[in-house]
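Undergrad: Sending over a structure as structure tokens; questions will come in a sec.
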Amino acid sequence: QVQLVESGGGLVQAGGSLRLSCAASGSIFSIIHMGWYRQAPGKQREFVVYITSDDSTNYADSVKGRFTISRDNAKNTVSLQMNSLRPEDTAVYYCNARLPSNNYWGQGTQVTVSS
């Protein structure tokens, strides 16, 4: 079992920045990678980014060059720095932990970008 607690998010104007954090607890030694997905109103949840245990990263094309994921192993935390935000980035952002046999999700945090 893995528990994920997200923080950050909020309302920002287009072009602004926000930072999300996700703290993991439980069977963290089994985590293959951690990352973020997002779900906009009326749309399916979509992949944003992940980071592996050896710090390899994979970004969705829509956020490359604007978003940066990082991890703090001492705190079992993954952070997402979001710059140059656009109205189309508005969504609920979910932290994700991928294990060999399970996916775990945080409760979600709202990010709203006004034009």
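Undergrad: Tell me the residue from Gly42, Gly108, Gly65, Gly26 that is under 12 Å from the mean Cα position of the chain (by Cα), surrounded by fewer than 21 Cβ atoms within 10 Å (Cβ to Cβ) and not aliphatic (A, V, I, L, M), please.
TA: Gly108
Undergrad: I need the strands (runs of 3 or more DSSP E) fully contained in region 34-73, keeping only those with at least 3 residues that are touching a residue at least 24 places away in the same chain (Cβ under 8 Å) and under 16 Å from Leu20 (Cα atoms).
TA: Of the strands (runs of 3 or more DSSP E) lying wholly inside region 34-73, those with at least 3 residues that are touching a residue at least 24 places away in the same chain (Cβ under 8 Å) and under 16 Å from Leu20 (Cα atoms) span 46-52.
Undergrad: Let me ask something else about it. Given the conditions (1) of a type in the set (Asp, Glu); (2) surrounded by 15 or more Cβ atoms within 10 Å (Cβ to Cβ); (3) within 21 Å of Ser115 (Cβ to Cβ), report the number of the one that Glu88 does not fulfil.
TA: Failing condition for Glu88: (2).
Undergrad: Residues Gln1, Gln13, Gln44, Gln39: which one is more than 14 Å from Gly106 (Cα to Cα) and touching a strand residue (DSSP E or B) at 6+ places or on another chain (Cβ under 8 Å)?
TA: Gln13
Undergrad: Another question, then. Can you give me the number of residues within region 13-23 that are surrounded by fewer than 13 Cβ atoms within 10 Å (Cβ to Cβ) and either within 13 Å of Thr77 (Cα to Cα) or more than 15 Å from the chain's Cα centre (by Cα) (or both)?
TA: 2
Undergrad: Would you check which residues across region 82-115 are farther than 14 Å from Gly10 by Cβ, in a strand (DSSP E or B) and touching a strand residue (DSSP E or B) at 6+ places or on another chain (Cβ under 6 Å) and list them?
TA: Passing the criteria: Tyr94, Cys95, Asn96, Ala97, Arg98, Tyr104, Trp105.
Undergrad: Every residue in region 1-12 that is open to solvent by 60 Å² or more (accessible area, probe 1.4 Å), under 22 Å from Asp72 (Cα atoms), of a type in the set (A, V, I, L, M, F, W, C) and more than 14 Å from the chain's Cα centre (by Cα), please.
TA: Within region 1-12, no residue meets the criteria.
Undergrad: Would you please list the contacts, defined by Cβ atoms under 6 Å and residues six or more apart or on different chains, that run from a residue in region 11-29 that is closer than 12 Å to Asp89 by Cβ and outside any strand (DSSP E or B) to a residue that is modelled with pLDDT of 95 or more and open to solvent by less than 50 Å² (accessible area, probe 1.4 Å)?
TA: Ala14/Val113; Gly16/Leu85
The values are calculated or read from the model by the stated rules, or taken from the named source; none is laboratory data. Note that this is a predicted model, so its numbers are computed, not measured. Backbone-built Cβ (ideal geometry, glycine too); neighbour counts: all protein chains shown. Only protein heavy atoms, including side chains, enter the accessible area calculation; ligands, DNA and RNA are left aside. Shrake-Rupley method; radii C 1.70, N 1.55, O 1.52, S 1.80 Å.
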